[in-house]
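Down below is the structure, laid out as structure tokens.
We did not get these values from a lab; they are worked out from the coordinates using the rules stated. Here the structure is a predicted model, which means the values were calculated and not measured. As a convention, Cβ positions derive from the backbone with ideal geometry for all residues, glycine included, and neighbour counts pool all protein chains shown.
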Amino acid sequence: MVVWIMCAAGWGVVLAGLRRGLRGPGRGPALFAHTVTPAGVVLTFALIGYGSLYATIALAAEWWSLAVVTGFRPARLVAGGGLRRAAAWLLLTAAVTYVTGRLVLGR
């Protein structure tokens, strides 16, 4: 249950950052893509046979890592120096996913 709550809270934090920080013609598509991401990822994981717990762990790690790396302003990911932030986001997401997976799944 905690994993689902953390995932939903992370999704909300990123959504708030996107709504606050994005301007211009890319705002609508970015908000739409963020809105449909949870359902798409969970369905994809279920389709390939992993189930939604793996997807939820990965999404929670991804969203909280994005919030931390960008200082709760996801628009910074595409700003100047975005490549370094993207690399930090990737590394932090991988580490958090691995640690959380080990803790939750006991493997």
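Structure notes:
- Binning the alpha carbon pair distances of the chain at 5 angstrom intervals from zero yields the distribution 2, 13, 20, 24, 21, 12, 6, 2, 0, expressed in whole percent.
- Spin-label model, residue 27 to residue 43: label points 7 Å out along the Cα-to-beta-carbon direction sit 2.8 nm apart.
- Candidates per trypsin sites (Lys or Arg not before Pro) in the stretch 1-89, loop by DSSP, up to 15 other Cβ within 10 Å: 23
- Taking θ as phi - 60° and the Karplus parameters 6.51, -1.76 and 1.60, the scalar couplings of the stretch 23-33 work out to 9, x, x, x, 5, x, x, 5, 5, 5, 4 Hz in sequence order, x denoting glycine and proline.
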